[in-house]
Structures are given as C-alpha cells and as structure tokens.
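Any read-out appearing in this document is the output of simple, stated calculations on the displayed coordinates, not a laboratory observation. As the structure is a computational prediction, the values presented were derived from the model and not from experiment. Note that we place each Cβ from the backbone using ideal geometry, even for glycine, and neighbour counts take in every protein chain shown.
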Amino acid sequence: AGHFGYRKRDQHTWVRNFKLCDGKLQSPISISSFKSITLPLPALEIIGYHDFLPSPLYLKNNGHSVVVNVSNHLRKRLPYIFGGSLDINQEYEMDHLHFHWGAKNNRGSEHMLNGIRYPMEMHIVHRNRIYSNLSNALNHKNGLVVLGIFFQLQEEDNESLHSIINHLTSVQWINNEIKLNTSITLASLLPKNTDVFYSYKGSLTTPPCNEVVTWIIFSMPVSISFSQLNKFRLLSSGNNLIADNYRKLQNIGPRKVYIRKL
Ligand code: BO1
Ligand code: ZN
C-alpha cells in the first residue's frame, strides 16, 4: 500500500489505502486573490538561501517525481525560514525539493492561482526544527512548511535550473539516484519578488496526505524554457513517463487563504 498513481482512477483509490487523504484540510486547492484575506504579515525570512546547499546533494527519481535531497551527515546549518504567516519562534529547516509537472503545457501545477494552472510547480519542503526528522514532523500539525513556486514558460532557458536539469538523463529510471557534482543556491530558484505570497493550512499532496503543512505559495512565477520542461517529461516511473504528477484540487471548505502584499 506504499504505492499510488496519478491517473484519475488511481487517485480515487488513495482514500482507501491512505485514510488521511479523506480529511478536511487537504491540498492542493484553487487560490483566488479576490477571495484571499489580506493580512499585514511580516516578511517571510529566508535564511541561508544564498549559500550553496551543503554537499553532497542527491538527485533521485522516486517514481512520482524528481527530488533533490540534502544528506547533511555533517549536520551543517541548512537554509531555514521563519516569520511571514508562521507561528512566532518556529523555524523550519529545508529538507528537500521536488517538482510536479504536466504532459502538456496547460497543466502540471498542483495549486491553481486565479484560474491559472501553470506547467510546473516546485515544492521546497521544510521541517519544523523541533522535530528531528520528516517522519516525526508528519505527526504534528505544525510539522512542515512547503514553499510553492510556479513555473511559466519562456523561450530562454532558466540557467539556475541547469544544475538539476543537466543531470535528469542520469535518473531516467525509477529509483535511480546520483550524487550531484554541482551545487545549488535556493535563492536562484525563487522568484525575484518573495514579498507577495499566499498562505493556508493544508496537507501533503501525496499519500499519506498528513494535514501538517503550512503552505506558502509565491504569487510571482519563475521561468522555464520549453526544452527544459521537456527533459522532466522524459523521466520514467517504469511503464510510464512521469508527467501529470499533480493531485486533483481539494475542497477548501471553511479554510481561509491569507495573502501578504506590500
Ligand atoms: S508535497 O510537498 O505536499 N507534494 C509533499 C508530499 C510528500 C512528502 C513531502 C512533501 N513526503 C513524503 C513522505 C513519504 C512518502 C513520499 C512520497 O512523500 O514523507 O512517506 O513516501 O513521495
Ligand atoms: Zn510536492
């Protein structure tokens, strides 16, 4: 029961095998700027994002996505975030990042923003420092913060993605994992403007769907070229190419989405 698929008839089976996927605080959702509540939130503080992530970094095809993992066996200081909509005194340390994308350009992102589904969405997953690892954090409602970054197509390559995309052919098959010889700064992967973001309480968008995620979705997208996006679409889960690895929209229910703007 550790397996799950993204085809519509597969997504319907998630709730059978993973009870939490049937909860009331699920993700992703459709976000509307008009329906969001403007709050005078402090800026989101993003610490260490200009530094290189500690090496070694690992790139892995897990059959659902491609993931950049930090090993950090030397327990170096990792990038972390606080402030914004997050509870005071809570710091969230970067754990990994991964992507969701479409087989076609008109789909791929998990969240929608003002009726737009972007061709790709990146998730930078952060774990509350008070929990020692990701599986512990999954048991607590303030366990995780995920930064969501939308990608929009443009003609020119996004050079910041080269350190990942140049190695995608090395992880074409499920469970392929390589050590990256290049380093990455997270700041180069963020939009130029991080002042405007949406925030709401939700869940992991994959099984086991734990409702432990404070979502922070930046309003401004970053860019990716057609040829770069096509390289993600060549990754394989075994019998199929990985694409359309986004969950269907979940009910927002009585939840509120907050927006920080200047
Ligand atoms: S996401 O950012 O909401 N898409 C997200 C989804 C799942 C995880 C983190 C962020 N975590 C892991 C679980 C594992 C599980 C794996 C599936 O997702 O901790 O138990 O096997 O890819
Ligand atoms: Zn994700």
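Over all other residues within a Cβ to Cβ distance under 14 Å of Val15, the charged ones net out to +4, with Lys and Arg as +1 and Asp and Glu as -1. Put the Cα centre of the stretch 85-99 next to the Cα centre of the stretch 213-228 and the gap is 17 Å. Within the chain, the longest run free of exposed loop sites, counting chymotrypsin sites (Phe, Trp or Tyr not before Pro) that sit outside DSSP helix and strand states (H, G, I, E, B) and have at most 15 other Cβ atoms within 10 Å, spans 35-172.
For Gln154, the residues 5 or more places off, or on other chains, whose built amide H falls under 5 Å of its own are Ile224, Ser225, Phe226.
From least to most packed, judged by other beta carbons within 10 angstrom and beginning with the fewest, His100, His12 follow the order His12, His100.
Pick from Val67, Val145, Val213: which is most flexible by mean-square fluctuation in a GNM of the chain where alpha carbon atoms under 10 Å apart are linked? Most flexible of the set in this elastic network: Val67. The stretch 14-166 gives an Rg/Rh value of 0.96, both radii derived from C-alpha positions and Rh following Kirkwood. Looking only at Gln154, Gln250, Gln11, which one moves most when the chain is put into a Gaussian network model with springs between Cα atoms under 10 Å? Of Gln154, Gln250, Gln11, the Gaussian network model singles out Gln154 as fluctuating most.
With the largest listed first and rounded to whole Å, the semi-axes of the equivalent ellipsoid of the chain from the Cα gyration tensor are 24, 22, 20. What is the log10 of I(q)/I(0) for the stretch 183-259, computed with the Debye formula using one identical point scatterer on each Cα and no solvent, at q = 0.11, 0.14, 0.15, 0.25 Å⁻¹? Summing over Cα pairs of the stretch 183-259 leads to -0.45, -0.73, -0.83, -1.20.
When GluC sites (Glu not before Pro) are flagged only if DSSP places them in a loop and at most 12 other Cβ atoms lie within 10 Å, the longest unflagged stretch of the chain comes out as 1-154.
The trypsin sites (Lys or Arg not before Pro) of the stretch 154-221 that meet both conditions, a loop assignment by DSSP and at most 14 other Cβ atoms within 10 Å of the site Cβ, are Lys192. Per q in 0.21 Å⁻¹, report the Debye log10 I(q)/I(0) for the stretch 136-234, using one uniform scatterer on each alpha carbon and no solvent. With no solvent term, the Cα-only Debye profile gives -1.17.
Summing +1 for each Lys or Arg and -1 for each Asp or Glu among the other residues whose beta-carbon sits under 11 angstrom from that of Val212 gives +2. Entry note, the chain: the mean residue ellipticity at 222 nm calculated from DSSP H runs of n ≥ 4, each adding -39500 (n - 2.57), is -1500 deg cm²/dmol after division by the residues and rounding to the nearest 500. Just the number, please: percent antiparallel of the DSSP beta bridges in the stretch 103-262, rounded to the nearest 5. About 70 percent, rounded to the nearest 5. Summarising the amide proton neighbourhood of Leu57: residues at separation of 5 or more, or on other chains, whose placed amide H is nearer than 5 Å comprise Leu180. Loop-located trypsin sites (Lys or Arg not before Pro) in the stretch 1-79 (DSSP state not H, G, I, E or B) with no more than 13 neighbouring Cβ atoms inside 10 Å: Arg7, Lys24, Lys35, Arg75, Lys76, Arg77.
Positive end of the dipole of the chain (Cβ unit charges, origin at the Cα centre): among His111, His96, Leu186, the Cα lying farthest that way belongs to His111.
Put simply, the amide H of Asp95, placed in the peptide plane, has neighbours under 5 Å in Val125, His126, Arg127, leaving out anything fewer than 5 places away on its chain.
For the cross-link pairs Lys19/Lys141; Lys35/Lys248; Lys104/Lys141; Lys104/Lys256; Lys104/Lys248; Lys141/Lys256, the ones whose C-alpha atoms lie over 25 Å apart are Lys104/Lys141; Lys104/Lys256. Listed from fewest to most Cβ neighbours within 10 Å, the set Leu190, Leu234, Leu144 follows the order Leu234, Leu190, Leu144. Near Thr38, within a Cβ-to-Cβ distance under 15 Å, what is the net charge of the other residues, with Lys and Arg +1 and Asp and Glu -1? With Lys, Arg at +1 and Asp, Glu at -1, the net is +3.
Within straight-line reach of Lys179, meaning a Cα separation under 17 Å, sit the following aspartates and glutamates at least 8 residues removed in sequence or on another chain: Asp95.
The stretch 1-53 and the stretch 173-195 have Cα centres lying 20 Å from one another.
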